[in-house]
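Structure record follows, encoded as structure tokens.
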Amino acid sequence: MITFGASSAHARRTAFRAALARSGAPLRLPGALSPLVATLIEEIGFEGVYLSGGAFSAELGMPDVGLTTINEVAERASRIAASTRLPLVVDADTGFGEALNVVRSVQMLERAGVAGLHLEDQRNPKRCGHLGGKELVEAAEMERKVRAAAAGRIDDATLLIARTDARAVEGLDAAIERAQAYVAAGADAIFPEALRNERE
């Protein structure tokens, strides 16, 4: 078990990055929709918590098509981050707009105390990653968002994850190509959505 006793958001981010770098096994970040759930996740002994956009939308009684706002997500993230010493990773959907909006979204989530967040390359209105009918933005547009997010971070320790939904739309090779481009644009990690098997 990895222990995160850090009090400040920066210290948690730094500890989270260090844990990712040294861990021989995946870190487990169960979904936490509320501070109460985050507290239970910490008590059980997991390594972090995750705020899912799809689950958050469902809890608000809305479909997962990008209807939540950055204000709603940041407010919930702030409450969850304040309730636990664990690092919190947040689903930031498509960044809630274009590149300038992405910078603002990243900074709002940082102020909320998150350790990391992920942005996805879907076109709005976005859809849950496991549903059909998704459309992607051009890779160059997502690269602009990733560059903006990386440059706009308040704290360089904030983990920036680029999610690609290309596997279901353009195939595995395209997903790999996009992921590599997003890392080159400044992403710290990748999130390849909806892979079909362990080999992929």
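May I ask which residue of 119, 84, 108 lies farthest towards the positive end of the charge dipole of the range 55-200, with charges of +1 (Lys, Arg) and -1 (Asp, Glu) on Cβ and the Cα centre as origin?
The Cα lying farthest towards the positive end belongs to 84.
When the dipole is taken about the Cα centre of the chain, and only Lys, Arg (+1) and Asp, Glu (-1) are charged at their Cβ, what size is it in debye, to the nearest 20?
420 debye
Calculate one ³J(HN,Hα) per residue across the range 49-56 by plugging θ = phi - 60° into the Karplus curve 6.51 cos²θ - 1.76 cosθ + 1.60, and present them in order as whole Hz with x for glycine and proline.
Once θ is set to phi - 60°, the couplings for the range 49-56 become 10, 9, 9, 7, x, x, 5, 5 Hz.
Give the value in nm², to one decimal: projected area of the alpha carbon convex hull of the chain, averaged over all directions.
10.3 nm²
Only Lys, Arg, Asp and Glu count, each charged at its Cβ (+1, +1, -1, -1), so figure out the dipole size of the range 54-103 about its Cα centre, rounded to 20 debye.
Dipole size: approximately 280 debye.
For residue 84, what accessible area in Å² do you get when you roll a 1.4 Å probe over the heavy atoms of the protein chains, rounding to the nearest 10?
It works out to around 10 Å².
For the range 42-109, take the alpha-carbon Rg, divide it by the Kirkwood Rh, and send me Rg/Rh.
Looking at the range 42-109, the ratio lands at 0.99.
Which whole-angstrom value gives the distance between the alpha carbon centres of the range 48-84 and the range 87-122?
So the separation of the two Cα centres works out to 11 Å.
If DNA, RNA and ligands are ignored and the probe is 1.4 Å, what is the ranking of 118, 130, 10 by accessible area, most exposed first?
If we order 118, 130, 10 from most to least accessible, we get 130, 10, 118.
With Cβ to Cβ distances under 15 Å as the rule, what net charge do the other residues near residue 191 carry (K, R +1; D, E -1)?
That works out to -2.
Within the set of other residues whose C-beta is less than 10 Å from the C-beta of residue 150, count the net charge using Lys and Arg as +1 and Asp and Glu as -1.
Neighbourhood net charge equals +1.
Per DSSP H run of n ≥ 4, the term is -39500 (n - 2.57); total these for the chain, divide by its residue number, and report the mean residue ellipticity at 222 nm rounded to 500 deg cm²/dmol.
The helix contribution divided over the chain gives -14000 deg cm²/dmol.
Place a point 7 Å from Cα of residue 8 in the direction of its Cβ. Which residues in the range 147-176 have their backbone N less than 15 Å from it?
154-158
Of the DSSP beta bridges with both residues in the chain, give the percent that are antiparallel, rounding to the nearest 5.
5 percent
Gain in length, residue 60 to residue 180, computed as 0.36 nm per residue apart minus the alpha-carbon separation, to one decimal in nm?
That pair, residue 60 and residue 180, stretches by 39.8 nm at full extension.
The values are calculated or read from the model by the stated rules, or taken from the named source; none is laboratory data. Computed from a predicted structure; not experimentally measured. For neighbour counting, all protein chains shown are included, and Cβ atoms are generated from backbone atoms with ideal geometry for every residue, glycine included. Note: accessible area is taken over every heavy atom of the protein model, side chains too, but ligands, DNA and RNA are not part of it. Shrake-Rupley method; radii C 1.70, N 1.55, O 1.52, S 1.80 Å.
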